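A short write-up of the structure that comes next.
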Amino acid sequence: MEKFGKSQPVKRTEDQRFLTGQGHYMDDVVPEGALHAVFVRSQVAHGVISSLDLEEARSADGVRLVMTLDDLKAEGIDTVMNAAILDNRDGSKAAAPERHMLASDRVRFVGEPIAVVIADTPLQARDAAEMIWAEIDELPAKLDVDAGGEVLHQNAPDNRAFDWGLGDEAATEAAFQAAAHRVSLNVADNRVIITSIEPRGCQANWVDGRLHFAYGGQGVWAMRAQLAEKLRLEPEVIRVTTPDVGGGFGMKVMPYPEYFCTAVAAMKLGQPVHWMSDRSEAMLADHHGRDLTSLAELAFDDDHRITAYRVHSKVNLGAYNSHFGQAIQTNLFSRVLMGVYDVQTTYLRVEGFFTNTTQVDAYRGAGRPEAIYVLERVMDRAARELGIDPWELRRKNFIRPEAFPYKTATGETYDVGDFNMILSRTASQTAGFDARKATDAERGLIRGQGLCYYIESILGDPSENARVEFCEDGTVNLYVGTQSNGQGHETVYAHFLSDQTGIPVDRINVVQGDSDQLPHGGGTGGSRSVTVQSTATLATIDVMLAAFTPYLADKMGVEESDISFDHETFRASGSNLTPTLTEAADMARADGRTDLLQHQACANLDARSYPNGAHVAEIVIDSYTGEAWVDRYTVVDDFGNLINPMLAEGQVHGGVVQGIGQALTERVVHDAQGQLLTASLMDYALPRAAEIPMIKFTSVPVPSTSNPMGMKGCGEAGTVGALAAVANAVQDALWDYGVRQADMPFTPHKVWELLTHGSVAAE
């Protein structure tokens, strides 16, 4: 096999089994003799449970167990789900309502779990679940994101979860008062459903005093910690594993009530218990994303340079606080102020409100896509109101290359960047827009162009572990602490280890998702995986070479200092032995040196990396029907050094499609009673392949200084840039028709109304 070199486009090795039906997802690995769980869920958005009749279900055929919250409490576990609690702007504590694993006296959204049925077969469990009658006295549903209305939680009498702020409010106000120009825009970010290919699922088994819990998630160690805390077990008696995962998107990071209930049932019954969500159940019960509105304001001097930036966001949290920890949540909120522009005077205010809808996690309520979407929408508006080219306005305000390392107003330190160079490369690839626009106009079509320049902050858990094991059959196992959700980790990690050590890539097995195999792992989220995991692999290689050197010095009859390793073989002047690592491992095995057959290291990154880039979308609108479609899409990204450009491009393509979907078609709709009207793929409009153009991707690396490989991460980059690029393109197309406010999703009906009336009727 040809030796793998850095930045070679190599096809994914795991695709062979995925595309031939040999993947091992949750429903593919059901233990023999497993019982099956089905959850009884609220059919109303808000109400008091006055009675719950379980007797018929408990006596139904095949039923082994029916549990409510009282039954969980009787097992002595902690039934309260963890949640983030913030400090308000005035220093007071924000609302801290309790959410239990099963609803107790009140339900607060359609789909909230009330009871769980365990039976011999899925059909028996489902039949018994339908026998459970929950008498619920309905209360008014609160759906608006504002203070007041029907109270959901007694410790949040106005339904405000928190009122949090970051930055210098007084200095920002002063800058706005002194500004030569002020621009503001209300930006709506529509709620979306994280429709992963594989819905959530889990299984649990209690054997010989140990709990084995498997689930389709994004990391096993955080889940093990949660299980230990809630079930009151020592972490050492819990093994968490994850098989193949069909998409995560941040939604599968969270611990959910179903996981703990399934584990309790397995421990109580002494048999494996399996639960798998169906699609509508997932759309009801999984965390949704986005759903916030932001008033974004920019202050400029006479030369059109930004002097201050201010954002006031109102976030729909749904029925309960997010599970994310406070430090993570506040860090994500702070990124609403992130950008590539040289501005130090900023202020962010975020208000979170409870509503009778499915929970929205903070990760998608105020993270990177939301931050850039808000900033780039108001930048586009500023260019139009100030009469300056949107490309030139960005160039004028970019952080200059000589200013790096650059400390932002929120404490982030950007290590490197050359934003104007990236934007110039983008401009050279998008020429000819005016001619295309004129041609379209002759056919009754309206063409618009939208630009977005984004930046991300990549790290998550800064530490990661890796272990390399030489096996008797000549293969090598690489144990990792991250978890692939479809990104191609098996290919990337194996080729990276092969590139650094010369071990043939077809002899490397990547082992992930097993808490028994490594002491800790940070999981996958925030585009951290390849950067942090590869750093841990490098550290493990260093440990491995240091361990083999004295052993081989004795074998080769040379001093340790004489030995070198050239990424393939050990060499030393004065010796004709040139063993590879696998040959050295075979020698060690023959000599009984089993200590040389396993090597482990933990790496810790002290700084983040900052991928960035420019997205340009060209949208075409049929002026008669309002139908809009993306005709051209160009991306120029600075991801730093790439291990596999093909996989990076695939990540960008997927992210862009996700952004196009939200911008044009996706929208979660609840009726006035809080019923989810988009609870199936017949009603929730995901983008189709026929609606997506060819996406032109170019990598222009400016290597990061925050890790040894100079990488920056790329997992979310496509979505981060796509939302604003498409939205700005629609706004550009509609501007000449007098439309000054256009918000996603740009469905044909909405666009037609904007063209016809200049506004959208209430929906």
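Coupling constants for segment 40-52 follow from the phi torsions by the Karplus curve (6.51 cos²θ - 1.76 cosθ + 1.60, θ = phi - 60°), and in residue order they are 8, 10, 5, 9, 10, 7, 7, x, 9, 7, 8, 7, 9 Hz; glycine and proline get x. Counted residue by residue at 0.36 nm each, then reduced by the alpha carbon distance between them, the extension gain from residue 123 to residue 280 reaches 54.8 nm. Mean projection of the Cα convex hull over all viewing directions, computed for segment 366-455: 7.5 nm².
Among 158-164, 180-186, the peptide with the highest mean count of other Cβ atoms within 10 Å heads the list, and the full ranking is 158-164, 180-186.
Note on residue 137/residue 43: beta-carbon distance plugged into 1/(1 + (r/R0)^6) with R0 of 22 Å gives a FRET efficiency of 0.95.
Of all beta bridges that DSSP places with both ends in the chain, some 80 percent have antiparallel geometry. Here is the list for segment 51-123: GluC sites (Glu not before Pro) lying in DSSP coil, each with at most 16 other C-beta atoms within 10 angstrom of its C-beta, are 75, 98.
Annotation for segment 536-617: GluC sites (Glu not before Pro) lying in DSSP loop with at most 16 further Cβ atoms inside 10 Å of their Cβ are 559, 568.
Residues whose amide H comes within less than 5 Å of that of residue 339, counting only those at least five positions distant or on another chain, are absent (H built at 1.01 Å from N in the peptide plane). The residues of segment 496-580 have, on average, 39 Å² of accessible surface per residue, using a 1.4 Å probe with all protein chains present.
Applying a threshold of 21 Å to the alpha-carbon distances of 396/696; 93/314; 252/712; 314/750 flags 396/696; 252/712; 314/750 as lying beyond it. The base-10 log of I(q)/I(0) for the chain, evaluated at q = 0.05 Å⁻¹, reads -0.28 [Debye formula, identical scatterers on Cα atoms, solvent excluded]. Each Lys and Arg adds +1 at its Cβ and each Asp and Glu adds -1 at its Cβ; summed about the Cα centre, the chain shows a dipole of about 1140 debye. A simple spin-label model places pseudo-atoms 7 Å from Cα toward Cβ; at residue 425 and residue 70 they are separated by 6.5 nm. A Förster radius of 25 Å combined with the Cβ-Cβ distance from residue 669 to residue 692 puts the calculated FRET efficiency at roughly 0.60. Annotation: extensible slack from residue 237 through residue 561 equals 112.2 nm (criterion: 0.36 nm per residue apart, minus Cα-Cα distance). Solvent-accessible area assigned to carbon and sulfur over the chain amounts to 49 percent, based on a 1.4 Å probe. The slack in the chain from residue 586 to residue 514, taken as 0.36 nm per residue of separation less the alpha-carbon distance, amounts to 23.3 nm. Annotation: amide H of residue 711 within the under-5 Å range of 641, 704, sequence separation 5 or more or interchain, hydrogens built in the peptide plane.
The values are calculated or read from the model by the stated rules, or taken from the named source; none is laboratory data. Just so you know, these numbers come straight off a predicted model, no measurement behind them. Using ideal geometry, Cβ is built from the backbone for each residue, glycine included, and neighbour counts are taken over all protein chains shown. These area figures cover heavy atoms from the full protein model, side chains too; ligands, DNA and RNA do not enter into them. Shrake-Rupley method; radii C 1.70, N 1.55, O 1.52, S 1.80 Å.
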